[in-house]
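Here's the structure, in structure tokens; my notes come after.
What follows draws every value from the coordinates through simple rules; no lab data is involved. Every value quoted in this text rests on a predicted model; they were computed, and no experiment measured them. Cβ sites come from the backbone with ideal geometry, for glycine too, and all protein chains shown count toward neighbours.
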RNA sequence: GUGGGUAUAGCUCAGUUGGUUAGAGCGUCGGAUUGUGGUUCCGAAGGCCGUGGGUUCGAGACCCAUUACCCACCCCA
């Protein structure tokens, strides 16, 4: 009978054990980092009622969402963590304490065509702060400072957080009479880095009817070495623009106070982010050595999170790390720390007698001392058992044969050095514990 | 949704204008070494050449279709 060929769907990432351990280590660091800033963990269902997820309607979301029916129920897989958050906050408004600070790390689904670094199922690691009625601007500076801390904790050093404010862009577009098309113009401007100044001017003059001289001076402002100074020249002409400049200036000042080093963030008034619900500060983070990868983390300020579910005004600010893409890029660039301890166990017990009781007793003692332990009780040749330890990068093999049992001892072999000594169980525990403490596990990313 | 490319062993890939029995490296398994892995040496297993049709005396190579995957655009993490 012919077997079905096993395969994993395109755009779905599946990892081998050692890589999975590295991925999980990164998730663990994100949890610690987010917790450190006082965010509470949240988990919401992967599946929601379609009407909830599609409340906003129209656009890319509708095209990309995984939607299906089970019986009579119209269901969809979540495509981000923000919409579920909006539902959650609206639903539990009465029981939550504001400002509500939550983090959520989970898989989301987008039925778009997969490509390099582009997945259909991927992890997002989000943090958001939601205010009740109002939310102070200091939050807009704290969020990127968390991103700085988080990436630093992961071991990344060559990254830069770019900050902008939608009010600045919309104000500038207002001045050019582009209020109606601001979303499209914004997307064009956002591509500046990718398609170049000439193309942007071409689109602005061709598609949006901007005069060549106006387009030129807009680009001069956008590309100015010191954007804030360049923007200040426009002060007094547009209320929205003035508000944006003030906000942007405040955010930059606060970011410095939060301890984000000047070489890790920059004001870049060309970044816009596509999502149309951002209303103020927006961010994106790029790896400076690999600009071609694009943003690995982005987000911003929105004025009304849950407008489709409640009359309450719930402004917020948040950011999302595309974990799957980040991990893919790191692997691709060979930036994953190979030294990182990814073995599933610290010690492997190799029993060489038919009676496994002594091995089990020893394993219990080791585990009691916090040593991650496996027993290799299979009917395999001794060398195969050692090879198993080697393949799984288990640092210590504990040999337990007739001789050792008779002497009340165990032979401890450190695989890396090949050294071996026969000692009592308590001594073996001390030996292994000391050895493990010496191992420098380091950060997941080698940058 | 639009455009381009690829499909040969578990993996990465060779395979000459179409010609007898389809190769390599890595991995796997066995042996050298019955209580010592990782290194080395020797050996073995493993392919309906994505699927269906066509051209031909003859197809892994050529043509058509189909499916899957990859790359790019759109959009985005």
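Things worth noting here:
- CD proxy at 222 nm, helix term only [per DSSP H run n ≥ 4: -39500 (n - 2.57); per residue of chain A; nearest 500]: -12000 deg cm²/dmol
- Once you reduce the stretch A:229-291 and the stretch A:28-67 to the center of their Cα atoms, the two points are 25 Å from each other.
- Of the peptides A:380-392, A:235-247, A:324-336, the ranking by mean beta-carbon count within 10 Å, highest at the top, reads A:324-336, A:235-247, A:380-392.
- One Cα centroid belongs to the stretch A:374-447, the other to the stretch A:86-128; the line between them spans 42 Å.
- The stretch between residue A:243 and residue A:134, if pulled fully straight at 0.36 nm per residue, gains 37.6 nm over its current Cα-Cα span.
- Kirkwood-type radius of chain A, with distances r between different C-alpha atoms, in Å: 25.4
- Candidates A:430, A:125, A:134: whichever shows maximal mean-square fluctuation once chain A is modelled as a Gaussian network with Cα springs under 10 Å: A:430
- Global geometry of the stretch A:86-181, whether rounded, prolate or oblate, following the gyration tensor of its Cα atoms and the 1.5 cut on a/c: rounded
- Gaussian network model of chain A, springs between alpha carbon atoms under 10 Å - residue of A:300, A:259, A:171 with greatest fluctuation: A:259
- Helix A:197-208 axis, angle to chain A major axis (alpha carbon atoms, nearest 10°): 50
- Overall, the anisotropy analysis places the stretch A:220-317 in the oblate class: the square-rooted eigenvalues a ≥ b ≥ c of its C-alpha gyration tensor yield a/c not less than 1.5, with a/b not exceeding b/c.
- For A:208, A:122, A:265, the sequence from fewest to most other C-beta atoms within 10 Å is A:208, A:122, A:265.
- Over the stretch A:327-432: Rg over Rh, Cα atoms, Kirkwood Rh: 1.05
- Here the label points at residue A:433 and residue A:15, each 7 Å from Cα along the C-beta direction, are separated by 3.0 nm in the simple model.
- Under the criterion of Cα pairs below 8 Å and six or more residues apart, the relative contact order for chain A equals 16 percent.
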